[in-house]
Amino acid sequence: MTENLTMAKALNAGLRAALEQDDRVLLMGEDIGRLGGVFRVTEGLQRDFGEHRVLDTPLAEAGIVGSAIGLAMRGYRPVCEIQFDGFIYPGFDQITSSLAKMTYRHDGSQAFPVVIRVPYGGHIGAVEHHQESPEAYFAHTAGLRVISPATSHDAYWMIQEAVRSNDPVMFFEPKSRYWQRGDVDLDAASAEPMHRTLRVRAGTDVTVLGHGAMVATLLQAAEVAASEGSSLEVLDLRSLSPIDYGPILDSVRKTGRLVVAQEAPGNVSVGSEVAATIAERAFYSLEAPVLRVSGFDTPFPPARLEDLYLPDADRVLEAVDRSLAY
Amino acid sequence: MPLSTALPPAETGTAEPVRLLSPEGQLVHSALSEEYLPVIEALPDERLEDFHRQMVLMRRWDIEAGNLQRQGQLALWIPSHGQEAAQVGSAFAAKPQDHVFPAYREHVVGKIRGLDPVRIMAILRGIDHGGWDPRETGNFHIYVLVIGAQSLHATGYAMGIGLDGASGTGDPDRDEAVLVYFGDGATSQGDVNEAMIFAASYQTPQVFFLQNNHWAISVPVERQSRTPLYLRAAGFGIPTTQIDGNDVLASYAVTQSALDAARSGAGPRFIEALTYRMGAHTSSDDPTKYRENEELAYWGARDPITRMEAFLRGRGASESYFRALAVEAEEFAADIRTRTLALQPPPRERLFRHAYTDAHPLVDEQRAWLERYEAGYGDAAAPDTGAAPAEDGAGA
Ligand SMILES: Cc1ncc(C[n+]2csc(CCOP(=O)(O)OP(=O)(O)O)c2C)c(N)n1
Ligand SMILES: [Mg+2]
């Protein structure tokens with residue numbers, strides 16, 4: 001069966017399914033209960049599952065993540081919501097120094113199946129700290145899985161897989177896509193595993209790759225390129241750590257060219273990692289250097305400048321042109 | 001006992017916070033008010049009118065900004081309706097040499113310190129992140145949206161005052177102190193608690209000013225604390241007072257006394273102002289989803305402006321004062337509107353400007369790249385021009 005849902009509604013449905021399937025699953029975060037979250041992703045869940053399953057927490061991110069770790073030790077599967085990307089840092093210590101390392105430090109005697117949901121990214125015209133893309137910090141941290149859906153269908157399935165994962169999962173939700181509709185196939189057989197890179201548009205000339213909201217921009221760029229006579233193959237990374245290189249290598253061996261795009265700043269980023277690895281593993285297939293398209297290496301600017309800061313289809317196409325010019 | 005997710009009955013107050021002005025606008029004579037009333041009685045009429053005047057102007061500003069937001073001229077508005085007394089009284093208590101660290105709702109405090117209101121409008125119009133020099137705005141520092149973070153900055157600043165020997169000299173006109181604002185939700189953050197620990201440890205010259213407006217977005221204060229919040233400070237060893245935050249006179253007199261103590265070298269002080277956020281958290285919020293009308297009515301009857309107006313009228317304030325103020329408020333709002341609409345989007349250069357203080361090769365390269373790109377990327381970014389555009393990772 002297929003339903004047409006916004007990404008926010010798809011996440012809501014996925015969380016509902018996770019709560020139904022396992023009564024050790026808990027949701028916790030600021031304003032997620034009665035209000036249903038500032039993006040309404042958890043709307044109605046406290047009403048339907050009760051205050052013991054959907055917890056409005058005190059205002060403290062270290063408190064949310066740190067207590068989720070203890071709950072996991074007690075056999076719960078907490079799903080934490082961080083209200084906005086830029087507000088994750090008070091919880092950073094608990095995520096990177098504790099959550100990420102706990103299983104390793106226990107030599108595997110305990111698992112820490114904690115999910116941390118983070119609405120992230122720009123294009124919503126908001127004030128400071130509400131539009132950032134901090135995923136690289138977490139991809140850089142051993143012990144965390146980092147994933148990000150680009151569609152409603154993936155949001156519905158990936159959140160459920162994240163909850164079932166026995167590792168901690170950082171779940172980055174592209175908030176500019178929250179209100180976009182997409183078909184969600186509710187048949188479990190249609191779910192792609194969360195660690196997979198997916199080809200979302202076939203092409204022959206240049207491979208373009210991204211994650212989250214950037215995938216829509218890449219598809220837009222591919223349309224424009226097609227009208228101008230070049231064929232882009234579009235890949236949706238989905239998992240930022242670990243990265244599934246197989247489909248990227250297959251694509252690059254075919255096209256010989258790769259452009260990696262992201263909203264996050266480029267310096268020491270997920271895109272940098274992909275570029276380095278492809279240069280290492282597919283050197284003889286490449287016709288051009290792997291190019292990166294990203295946010296600038298500056299703080300996220302005031303909202304009136306965000307369209308200049310964030311890469312758009314034109315910036316992707318500029319890199320595509322440069323790649324083709326080699 | 002099962003996990004308690006239930007909230008205790010609302011009981012955030014002491015039996016009696018410090019209150020100098022009753023909701024009906026009468027001076028309150030009580031054991032608690034005794035200490036502070038002489039301060040009020042010594043104030044000239046113009047000063048008392050100014051308390052009222054700033055509250056009225058703030059409320060008018062709130063209405064204008066709310067309209068501008070609905071008309072698509074602001075990305076966001078953060079109302080302070082209901083909290084004017086807590087803010088205005090405490091702001092007037094600070095001396096010119098004091099430093100003020102706001103959160104993000106203290107617009108009128110900034111105004112009283114000398115900040116142009118349009119600077120705040122620029123933040124909410126998506127034009128700036130602050131961008132003012134506190135030395136030019138009455139030592140009113142820039143807003144901080146990360147809940148509680150400013151409390152530690154304030155403590156560090158106060159530590160600096162202590163290290164400089166700029167407090168406790170015995171000269172009250174020279175001694176400096178710090179006044180820091182935060183909300184009830186913020187009291188749950190580690191930063192706020194750590195700020196109190198550092199402040200107590202180093203006996204910093206500062207006043208923690210908590211506006212307990214009873215809500216952190218949709219979360220009631222009972223979720224943050226089962227003890228009246230002013231008692232938290234006592235646990236850190238900081239002398240603490242709870243006040244009626246809708247009483248501008250209490251806010252003024254108690255903050256003045258606390259700042260005097262801090263300036264004189266007696267260490268930090270804590271004030272909890274019991275008040276109420278009458279409006280939405282911000283223009284993005286819908287409070288009907290989570291709170292009851294009865295509560296709103298209760299606090300509506302304790303409006304800070306109504307009671308100060310009754311007090312002034314009781315003292316014989318002239319009708320012409322109120323008439324002139326009404327005119328001034330309209331002019332003030334019109335001026336904010338005009339100048340907000342005239343605000344220009346920031347220049348492209350603002351992306352890169354001041355990301356660092358010293359020259360930075362990566363930022364310089366990206367700035368140059370964007371210049372060429374905007375000029376028309378056809379030739380600008382060709383990889384073989386030798387100009388090394390994004391070729392080595394300029395990240396655009
Ligand atoms: C570290 C952090 N976490 C979450 C948020 C999102 N947020 C913005 S305001 C707010 C509530 C703040 O409540 P309170 O401290 O009582 O101040 P008030 O808004 O009531 O003035 C929250 C949760 C934030 N800004 N910073
Ligand atoms: Mg509050």
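The values are calculated or read from the model by the stated rules, or taken from the named source; none is laboratory data. This is a predicted model, so every value here is computed, not measured. Cβ placement follows ideal geometry from the backbone for every residue including glycine, while neighbour counts extend to all protein chains displayed.
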Taking A:Glu263 and the conditions (1) surrounded by fewer than 22 Cβ atoms within 10 Å (Cβ to Cβ); (2) under 19 Å from A:Tyr137 (Cβ atoms), which numbered condition does it fall short on, given that it satisfies the others?
(1)
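Taking region A:298-308 only, how many residues are part of a helix (DSSP H, G or I) and either crowded, with 23+ Cβ neighbours inside 10 Å or more than 7 Å from chain B (Cβ to nearest Cβ) (or both)? Show your work before the answer.
Let us first name the residues in region A:298-308 that are part of a helix (DSSP H, G or I), namely A:303-308.
Remaining after also requiring either crowded, with 23+ Cβ neighbours inside 10 Å or more than 7 Å from chain B (Cβ to nearest Cβ) (or both): A:303, A:306-307.
Total meeting the criteria: 3.
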Can you go through A:Ala142, A:Ala155 and tell me which one is crowded, with 24+ Cβ neighbours inside 10 Å and more than 14 Å from chain B (Cβ to nearest Cβ)?
A:Ala155
Find the residue count for region A:245-296, including only residues that are touching a residue at least 60 places away in the same chain (Cβ under 8 Å) and part of a loop (DSSP other than H, G, I, E, B).
3
Determine the pairs where a residue that is among the charged types (D, E, K, R), located within region B:268-287, has a partner that is within 12 Å of ligand 2 (Cβ to nearest atom) with Cβ atoms under 6 Å apart, the partner being 6 or more residues away or on another chain.
B:Glu272/B:Leu210; B:Glu272/B:Asn212; B:Glu272/B:Leu229; B:Arg277/B:Gly82; B:Arg277/B:Asn213; B:Arg277/B:Trp215
Return the pair list, or none, for Cβ contacts closer than 9 Å from residues in region A:212-233 that are exposed (fewer than 15 other Cβ atoms within 10 Å of the Cβ) to residues that are of a type in the set (Gly, Ala, Ser), at least 6 apart or on different chains.
A:Glu223/A:Ala313; A:Ala226/A:Gly203; A:Ser231/A:Ala202; A:Ser231/A:Gly203; A:Ser231/A:Ala222; A:Ser231/A:Ala225
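Of all residues in region B:66-89, how many are within 16 Å of ligand 2 (Cβ to nearest atom) and more than 19 Å from A:Arg304 (Cβ to Cβ)? Break it down stepwise before answering.
Narrowing region B:66-89 to residues within 16 Å of ligand 2 (Cβ to nearest atom): B:78-87.
Still in the running and more than 19 Å from A:Arg304 (Cβ to Cβ): B:79-87.
Matching residues across region B:66-89 total 9.
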Inside region B:186-224, can you point out the residues that are surrounded by fewer than 24 Cβ atoms within 10 Å (Cβ to Cβ), part of a loop (DSSP other than H, G, I, E, B) and more than 13 Å from chain A (Cβ to nearest Cβ)?
B:Gln203, B:His214
When you check A:Ala62 against the structure, is it more than 16 Å from ligand 2 (Cβ to nearest atom), among the hydrophobic types (A, V, I, L, M, F, W, C) and within 9 Å of chain B (Cβ to nearest Cβ), yes or no?
yes
Are there any pairs, at least 6 apart or on different chains, whose C-beta atoms fall under 7 Å, with the first in region A:32-45 and more than 12 Å from chain B (Cβ to nearest Cβ) and the second of a type in the set (A, V, I, L, M), and if so, which?
A:Val41/A:Ala8; A:Val41/A:Leu11; A:Leu45/A:Leu15; A:Leu45/A:Leu19; A:Leu45/A:Leu27; A:Leu45/A:Val54
Looking at A:Ile116 and the list (1) out of contact with any Pro (no Cβ under 6 Å at 6 or more places or on another chain); (2) within 14 Å of another protein chain (Cβ to nearest Cβ); (3) within 16 Å of ligand 1 (Cβ to nearest atom), which single condition is not satisfied?
(2)
Every listed condition ((1) in a loop (DSSP other than H, G, I, E, B); (2) over 30 Å from B:Val144 (Cα atoms)) holds for A:Ala162 save (1)
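Please verify whether B:Tyr181 is more than 14 Å from ligand 1 (Cβ to nearest atom) and either of a type in the set (Phe, Trp, Tyr) or within 13 Å of another protein chain (Cβ to nearest Cβ) (or both), treating the condition exactly as stated.
Working: more than 14 Å from ligand 1 (Cβ to nearest atom): no; either of a type in the set (Phe, Trp, Tyr) or within 13 Å of another protein chain (Cβ to nearest Cβ) (or both): yes.
For B:Tyr181, the condition - more than 14 Å from ligand 1 (Cβ to nearest atom) and either of a type in the set (Phe, Trp, Tyr) or within 13 Å of another protein chain (Cβ to nearest Cβ) (or both) - is not met.
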Per the filter on region B:126-166, residues among the polar types (S, T, N, Q), closer than 23 Å to B:Gly265 by Cβ and surrounded by fewer than 23 Cβ atoms within 10 Å (Cβ to Cβ) are B:Asn139
Hey, any hits in region B:86-94 for a residue that's more than 19 Å from the chain's Cα centre (by Cα) and of a type in the set (S, T, N, Q)?
no
For region B:109-127, how many residues meet the condition of being in contact with a Gly (Cβ under 8 Å, 6 or more places away or on another chain), assigned to a loop (DSSP other than H, G, I, E, B) and within 14 Å of chain A (Cβ to nearest Cβ)?
1
Given the structure, is B:Leu274 closer than 27 Å to A:Asp56 by Cβ and within 14 Å of chain A (Cβ to nearest Cβ)?
no
Spot the failing condition for B:Pro38; the list is (1) assigned to a helix (DSSP H, G or I); (2) under 24 Å from the mean Cα position of the chain (by Cα), and only one is missed.
(2)
Just for region A:309-326: of the residues that are more than 8 Å from every other protein chain (Cβ to nearest Cβ) and part of a loop (DSSP other than H, G, I, E, B), which one is surrounded by the fewest Cβ atoms within 10 Å (Cβ to Cβ)?
A:Asp312
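If you take the residues of region A:74-88 that are within 16 Å of ligand 1 (Cβ to nearest atom) and assigned to a strand (DSSP E or B), which of them is farthest from A:Pro302 (Cα to Cα)?
A:Cys80
Please tell me if A:Ile69 is in the same structural domain as A:Gly33 (by TED's automatic domain parsing) and within 16 Å of ligand 1 (Cβ to nearest atom). So that I can check it myself, show each step before the final result.
Numbers: in the same structural domain as A:Gly33 (by TED's automatic domain parsing): yes; within 16 Å of ligand 1 (Cβ to nearest atom): no.
No.
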Residue pairs qualifying under the 7 Å Cβ cut-off, at least six apart or on distinct chains, with the first in region B:208-237 being away from ligand 1 (no atom under 11 Å from the Cβ) and the second being outside any helix (DSSP H, G or I) and among the charged types (D, E, K, R), are B:Tyr230/B:Glu272
Flag for B:Val248 being away from ligand 2 (no atom under 16 Å from the Cβ), under 17 Å from the mean Cα position of the chain (by Cα), assigned by TED's automatic domain parsing to the domain that holds B:Pro17 and over 21 Å from B:Gln150 (Cβ atoms)
yes
Six or more apart or on different chains, Cβ atoms under 6 Å: show the pairs whose first residue is in region B:347-364 and facing chain A (nearest Cβ under 9 Å) and whose second is in a loop (DSSP other than H, G, I, E, B) and surrounded by 12 or more Cβ atoms within 10 Å (Cβ to Cβ).
B:Leu351/A:Thr298; B:Leu351/A:Pro301; B:Phe352/A:Thr298; B:Ala355/A:Thr298; B:Leu362/A:Asp297; B:Val363/B:Phe352; B:Val363/B:Ala355
For region B:265-321, name all the residues that are within 16 Å of ligand 1 (Cβ to nearest atom), part of a loop (DSSP other than H, G, I, E, B) and among the basic types (Lys, Arg).
B:Arg277, B:Arg291
Filtering region B:176-201 for residues that are within 16 Å of ligand 2 (Cβ to nearest atom) and of a type outside the set (S, T, N, Q) leaves a count of 9
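So in region B:55-108, with the set limited to residues that are aromatic (Phe, Trp, Tyr) and assigned to a helix (DSSP H, G or I), which one is farthest from B:Asp184 (Cα to Cα)?
B:Trp61
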